[in-house]
Amino acid sequence: MTGPKVLVPDWCESVGPDCPVEGTVYGYYPSLGWNAFFAAAFALAFILQLGLGIRYKTWTYMIGVGLGCLGETIGYIGRIQMHKNPYDNGGFTIQIVLLIFSPAFLAAGIYLTLKHVVISFGEQWSRLRPNWYTYIFIACDITSLVLQSAGGALAATADDGDQKTLDAGTDIMIGGIIFQVVVLIVFALFVLEYSLRTFRHRDQLSPTALSLWTSTKFRLFAGAVIVAYFGILIRCIYRIPELFGGWANDLMRNETDFIVLEGIMILITVIAQTAFHPGWFFPALGGTLFNKKGRGGKSVSESETEMAAMA
């Protein structure tokens, strides 16, 4: 893919008479207020995820969502650096790499839920064994993460005038994001199919599963997962044309679109994943890093007891 070239002198390191802000990739001074707000919000979410993860032993969920929040925080710090100097190559590299791939960690938190939902309601209505949902979708998420981070790093570190390397990095990033969108859609289809099968057989649910099905906490948690899912999906769909149009295209230079479709969408995702944390709203997800028979987290019987109390 070949996009618009930013025609500025190679030696530009800061805004000046010969180096206008319009000559940068974004063509504007990134908003200090919005970027400071996002950095602070994601930093707070990171701290809360650590605290909640340790409290409820949701280790894998904590690692995935926590890394996503941390990456978002550092990414927006990079944009704050660019507010001071839009030609700051370090700030540009930090924000393009971290803001591109951090949502993949947040998506991992969503993928983890399906396995435990299937275990809680019954494997007999699932197309796959519960563990396979984690293996398949986390593997796909890692693939997406590698593509996006590698492409972002390649594009951000391309030498001035090296359009071939710049375009190659951009194409890899786009491929990673498109792959992530496809994985998200396939995941939604699995969730929808399992939900419909379970609903049709709801009269066969065990008392514990039926209690979970009707509990307010679980329904709030399920709603939060759906909100988080669409937050990531909308953001990914926005990123595809933003990058596909080439560096310095009109969409990439529209900060309002970026704030709404990137920043706010991912912040909504993180709020949903933090305010409706599975440790309180869906205890079955606890101990997912180590636990098969209760080691490192709640046993199956302990989780079932907690879920029964949620009604």
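The values are calculated or read from the model by the stated rules, or taken from the named source; none is laboratory data. Bear in mind the structure is a predicted one, so any value in this text is a computation, not a measurement. Here the Cβ positions follow ideal geometry from the backbone for every residue, glycine too, while neighbour counts run over all protein chains shown.
Couple of notes before you dig in:
- Residues of the stretch 139-166 satisfying the condition of being among the charged types (D, E, K, R) and over 17 Å from F92 (Cβ atoms): D141, K164
- Exactly one residue among A224, A228, A209 is closer than 18 Å to L261 by Cα, of a type in the set (A, V, I, L, M, F, W, C) and either in contact with a strand residue (DSSP E or B) (Cβ under 9 Å, 6 or more places away or on another chain) or in contact (Cβ under 8 Å) with a residue 40 or more places away in the chain (or both), and that residue is A228.
- Residue in the stretch 31-49 that is in contact with a Lys or Arg (Cβ under 9 Å, 6 or more places away or on another chain) and crowded, with 21+ Cβ neighbours inside 10 Å present: yes
- Subset of the stretch 182-199 that is in contact (Cβ under 8 Å) with a residue 60 or more places away in the chain and not β-branched (V, I, T) - its residue that is surrounded by the fewest Cβ atoms within 10 Å (Cβ to Cβ): E193
- Filtered by the rule that a residue be in a helix (DSSP H, G or I) and of a type in the set (G, A, S), the stretch 196-213 gives A209, S211.
- Only a single criterion out of (1) of a type outside the set (V, I, T); (2) more than 24 Å from I234 (Cβ to Cβ); (3) touching a residue at least 12 places away in the same chain (Cβ under 8 Å) is not satisfied by K164, namely (3).
- Residue pairs meeting the criteria (Cβ under 6 Å; at least 6 apart or on separate chains; first in a loop (DSSP other than H, G, I, E, B), in the stretch 273-293; second at pLDDT 85 or above and of a type in the set (A, V, I, L, M, F, W, C)): F276/L220; F276/F221; F276/A224; H277/L52; F282/F221; L289/W59
- Residues of the stretch 50-70 satisfying the condition of being surrounded by fewer than 24 Cβ atoms within 10 Å (Cβ to Cβ) and either touching a strand residue (DSSP E or B) at 6+ places or on another chain (Cβ under 8 Å) or among the small types (G, A, S) (or both): G51, G53, G66
- Subset of the stretch 146-159 [farther than 16 Å from G246 by Cβ and either at pLDDT below 85 or surrounded by fewer than 20 Cβ atoms within 10 Å (Cβ to Cβ) (or both)]: V146, A150, A153, T157, D159
- Scan of the stretch 57-105 for residues that are in contact with a Gly (Cβ under 9 Å, 6 or more places away or on another chain) and of a type in the set (V, I, T), ordered by number: T58, T60, I63, V65, I77, I80, T93, I94, I96, V97, I100
- Residue count for the stretch 118-173 satisfying the condition of being outside any helix (DSSP H, G or I) and among the charged types (D, E, K, R): 5.
- Y87 touching a strand residue (DSSP E or B) at 6+ places or on another chain (Cβ under 8 Å) and assigned to a loop (DSSP other than H, G, I, E, B): yes
- Filtered residues of the stretch 11-44 (kept if assigned to a strand (DSSP E or B) and in contact (Cβ under 8 Å) with a residue 40 or more places away in the chain): C19
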